[in-house]
Amino acid sequence: MVYQDKKQVDEKDISLKLFVVLNRAMQSIKKQIEEDIKRYGLNQTEFAVLELLYHKGDQPIQKIGSKVLIASSSITYVVDKLEKKKLIRRKPCPNDRRITYAVLTEDGKELMRTIFPEHKEAIHDILGGVDIDEKKMMIDQLKKLGTYANKDRS
């Protein structure tokens, strides 16, 4: 049996514990956020698309998936659903017929003007277990963790 010093074993245990705690915290937070979004008759993906368009303006439908972290194969379905709800519409690109933009309708803009401040407040309440300085520290630490995790390990 290969000897491992106590420090190395403890660091691996702590890394595993951090992974478990991060996952459980994210599951709890995500569940609460999904409940908040459901109040508006939307699912999380629909809300993400509406929020993207609300904050960033018209977007090529082909690019939305990567911006809201959903499979590109699901985008057409989500756009169709939001179009049926009259919250977005498709607009052809005047310079390139291969590109179609998703655009918020007036109803979509009004919905987001109404619900986004409420949603922001709900997120603030959900994350109320830590104070502002702890949140800032966590943001920095999680960015650092994410950056390291994205490094090539080969």
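Some points to look at:
- LYS109 passes every criterion in (1) free of Cβ contacts under 8 Å to residues at least 40 places away in the same chain; (2) open to solvent by 70 Å² or more (accessible area, probe 1.4 Å) apart from (1).
- In the range 101-154, residue nearest to TYR54 (Cα to Cα) [restricted to those that are in a loop (DSSP other than H, G, I, E, B) and among the hydroxyl-bearing types (Ser, Thr, Tyr)]: THR105
Each row is one residue, and each column tells you yes or no for (1) of a type in the set (Val, Ile, Thr); (2) under 30 Å from LEU16 (Cα atoms); (3) modelled with pLDDT under 95.
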site	(1), (2), (3)
GLU51	no, no, no
ASP58	no, no, no
ILE75	yes, no, yes
LEU82	no, no, no
LYS109	no, no, no
PRO117	no, no, no
LEU127	no, yes, no
MET137	no, yes, no
LYS144	no, yes, no
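- Close Cβ contacts (under 6 Å, 6 or more residues apart or on different chains) running from residues in the range 34-50 that are open to solvent by less than 70 Å² (accessible area, probe 1.4 Å) to residues that are of a type in the set (Phe, Trp, Tyr) comprise ILE37/PHE47.
- Residues of the range 51-70 satisfying the condition of being acidic (Asp, Glu) and loosely packed, with under 15 Cβ neighbours inside 10 Å: ASP58
- Filtered by the rule that a residue be under 19 Å from the mean Cα position of the chain (by Cα) and not in a helix (DSSP H, G or I), the range 5-45 gives ARG39, TYR40, GLY41, LEU42, ASN43.
- Boolean, ARG89 is charged (D, E, K, R) and closer than 26 Å to GLU110 by Cβ: yes
- Total residues in the range 46-95 satisfying the condition of being outside any helix (DSSP H, G or I) and at negative phi: the figure is 15.
- Screening the range 71-99 for residues that are touching a residue at least 12 places away in the same chain (Cβ under 8 Å) and open to solvent by less than 40 Å² (accessible area, probe 1.4 Å) and picking the one that is farthest from GLY41 (Cα to Cα) gives CYS93.
- Whichever residue in the range 13-31 is under 27 Å from THR45 (Cβ atoms) and of a type in the set (Val, Ile, Thr) and, among such residues, is most open to solvent (accessible area, probe 1.4 Å): VAL21
The values are calculated or read from the model by the stated rules, or taken from the named source; none is laboratory data. No experiment lies behind these values; they were computed from the predicted model shown. Counting neighbours? That spans all protein chains shown, and the Cβs are built from the backbone with ideal geometry, glycine included. To get the accessible areas, we keep the full protein, side chains included, count just its heavy atoms, and leave off ligands, DNA and RNA. Shrake-Rupley method; radii C 1.70, N 1.55, O 1.52, S 1.80 Å.
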